[in-house]
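The values are calculated or read from the model by the stated rules, or taken from the named source; none is laboratory data. None of the values given here were measured: they were computed from a predicted structure. No Cβ is skipped: glycine too gets one built from the backbone with ideal geometry, and neighbour counts run over all protein chains shown. Surface areas here come from the heavy atoms of the whole protein model, side chains and all, with no ligands, DNA or RNA. Shrake-Rupley method; radii C 1.70, N 1.55, O 1.52, S 1.80 Å.
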Amino acid sequence: MVRRFRLGWMVLLGIVLPCATVLRAAAPARPVLVLGDSLSAAYNIPRSAGWVHQMGLRLDTVRAGSRVINASVAGATTADGIARLPGLLARERPALVLLELGANDGLRGLPLAEIEGNLGRMIRMCRDAHAKVLLLGIELPVNYGPQYRDGLRQVYARLARRFDVPLVPFLLARVALRPDLMQDDGLHPRAAGEPLVLDTVWPAVARALGLGAAAPSRAPHRGPG
């Protein structure tokens, strides 16, 4: 009877444990959430050409099943982000949030302290939801003057230091001075420039997700000739 009892448990465990393992393996990975403005929303170009969509494709090649949720909206400000972020965090439960806001605040000349406060509040929201944060900075056109432009640059740098979060200082670093890669408004990349925007962001994303050397950046696009 004892032997038969033990055998019964061995058979039962042999059935239950593999099933539990399968259930754990099937659980979907937590997604990457991008909360931004028109610079991340593929403004005036096909959505599939945007750097966020391309990031999703690249992530899937190195980590199958990875999901990227693009919650970016053209014209969004940091105040809009505060209003929308709690619902997004609760619904999507992201592992990583790419926070790309502040450009529209800056273009409107809003107080730098307000921009910094709003971004800081969103970083805290993400942390409370157990999501990592990658801060994506932006720079304003030169006609805004050095004091305000430098001030906005310092806002992102201070936030990165204060909260110890990674920072990409200038999202458009590789395309902003390339008229052939920028739209006529001088603010948004053309489709041909979006891969370079992704290359600017990718190393920080790979580090944040622990992909390391398994996720090399694509060779930079150098244009015709």
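Among residues that are open to solvent by 20 Å² or more (accessible area, probe 1.4 Å), outside any helix (DSSP H, G or I) and among the aliphatic types (A, V, I, L, M), Ala173 is included. For the stretch 176-207: of the residues being among the small types (Gly, Ala, Ser), open to solvent by 20 Å² or more (accessible area, probe 1.4 Å) and part of a helix (DSSP H, G or I), which is nearest to Leu107 (Cα to Cα)? Out of the qualifying residues, it is Ala191.
What do you reckon, is Gly151 open to solvent by less than 50 Å² (accessible area, probe 1.4 Å), more than 22 Å from Ala208 (Cβ to Cβ) and out of contact with any helix residue (DSSP H, G or I) (no Cβ under 6 Å at 6 or more places or on another chain)? Taking the combined requirement at face value, the residue does not satisfy it.
Restricting attention to the stretch 123-164, the residues that are in contact (Cβ under 8 Å) with a residue 60 or more places away in the chain and out of contact with any Phe, Trp or Tyr (no Cβ under 9 Å at 6 or more places or on another chain) add up to 3.
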